[in-house]
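Quick notes on the structure that follows.
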Amino acid sequence: MAADYDEFQANFAVVGLGGGGTNMVNRLYGTGITSATTIAMNTDAKHLGIVHAHKKLLVGKTITKGLGAGGYPEIAAKAAEASAREIEELIAGYDAVFLTAGMGGGSGGGMAPVVAKMAKEQGSLVVAFVTYPFALERSRRQKADWSLQELMKNTDTTVIIENDRLLKFAPNATMDKAFEMVDNIMVNAVKGMTDAIKIPSLINLDFADLKAVMQNGGAAAINVGAGQGADMVDQAVKSTLAHPLTGYKMAGAKSAFVHVTGSEALSIENATRLAEGVTAELDEKANVIFGARMVPGMGTRAHIMSIVTGVTPMLGEYEVTMLDNRKEKQALELDMLA
């Protein structure tokens, strides 16, 4: 009798919180993702009704009456606590939980720390992808600061995308197109990670590899690049490292998870050159985990997805302080294990 190996596969959930987070999950669900379960949670019944996901939950019905949190993260946090049993049931049993939310509003910023704590307490690897408000949104930035501080207490790795970078990347884009670009970065990163683990590859990556890089990773740079033709390696490396929506200093980073996708014609030399190109600035003793998958029909194209943890966010002094807090937390955890 053939062994059933499916029961030994890692299980992933992508949880969208609030308007921005559920918009990203809606886009991810539209890609036909099979490597992760998509879950949408919001305090706003009207918005929740227009998004698509494998599972949905209206949070805090008795508190917000389905009308949203009114821009108050404290109310959303109370709503999540009131729906704790339902949330815990939805996220139970996943090896990794990826959270997506917009910081600075009510629902996403308030629910994210609560849901992260629930996921962490059940033993999941917890990775968050969040957006940070424009500089002109002074009060929203204050809310975002509070939400980020609370969120990072219970996440292994957090990716922050600053909205101000949209002004440099696509200053003439419509609002819809600009935020679609942000969604696409997060969608490609999450799907790239879960696909790399769940779909068999020429050089396989497994959940233990992902965990080795992401657990207690702090801030992370997660980028996707592509190239085509004779100079596809240079194109892909340049597009990965120079993407203007992710502002990080990667010099001295300690860990990286790299996955390359190409056609049957992709040589091992080009695959390794791609991986070397996006990890060149890392510490000499960095833990670099590399995988590659062949996909028929890609021709001369190659895609690369990289996750680099332990980077320094380019968001100002406040975020550096948060990283210092993360380091203190890791030291405390090590003391407890000693």
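Each reported figure results from applying straightforward, stated rules to the coordinates on display, with no laboratory input. These numbers come from a predicted model, not from an experiment. Please note: Cβ atoms are built from the backbone with ideal geometry, for glycine as well, and neighbour counts cover all protein chains shown.
Looking at the square roots a ≥ b ≥ c of the eigenvalues of the Cα gyration tensor of segment 11-194, which shape do they give, rounded for a/c under 1.5, prolate if a/b is larger than b/c, or oblate? Judged from the Cα gyration tensor, segment 11-194 comes out rounded (a/c under 1.5). Farthest towards the positive end of the charge dipole of the chain, among the residues S83, I289, T155, is the Cα of S83, using unit charges on the Cβ of Lys, Arg, Asp and Glu. Remark: for residue pairs K55/K198; K61/K117; K56/K143; K143/K285; K78/K254; K177/K238, the C-alpha separation exceeds 28 Å in K143/K285; K78/K254.
With K and R counted +1 and D and E -1, the other residues having a Cβ less than 11 Å from that of V258 yield a net charge of -2.
Here segment 1-153 is treated with +1 on each Lys and Arg Cβ and -1 on each Asp and Glu Cβ, and its dipole about the Cα centre works out to around 720 debye. Neighbour counting of Cβ atoms within 10 Å sorts the residues F290, F98, F134, F12, fewest neighbours leading, into F134, F290, F12, F98.
When +1 charges are put on Lys and Arg Cβ atoms and -1 charges on Asp and Glu Cβ atoms, the dipole computed for the chain relative to its Cα centre reaches about 900 debye.
For the chain, the share of alpha carbon pairs falling in successive 10 Å distance bins from zero is 6, 26, 35, 24, 8, 1, 0 percent.
For the pair segment 157-171 / segment 262-280, the C-alpha centres are spaced 28 Å from each other. Built from the Cα atoms of segment 206-313, the convex hull projects on average onto 6.5 nm², one quarter of its surface area.
Summing charges over all other residues whose Cβ lies under 12 Å from the Cβ of A69, with Lys and Arg as +1 and Asp and Glu as -1, gives +1. Among I304, I160, sorting on how many other beta-carbon atoms sit within 10 Å of each Cβ, with the fewest leading, yields I160, I304. Of all stretches in the chain that contain no GluC sites (Glu not before Pro) in a DSSP loop with at most 13 other Cβ atoms within 10 Å, the longest one is 1-263.
Over all other residues within a Cβ to Cβ distance under 12 Å of K211, the charged ones net out to -4, with Lys and Arg as +1 and Asp and Glu as -1. For K191, K177, the sequence from fewest to most other C-beta atoms within 10 Å is K177, K191.
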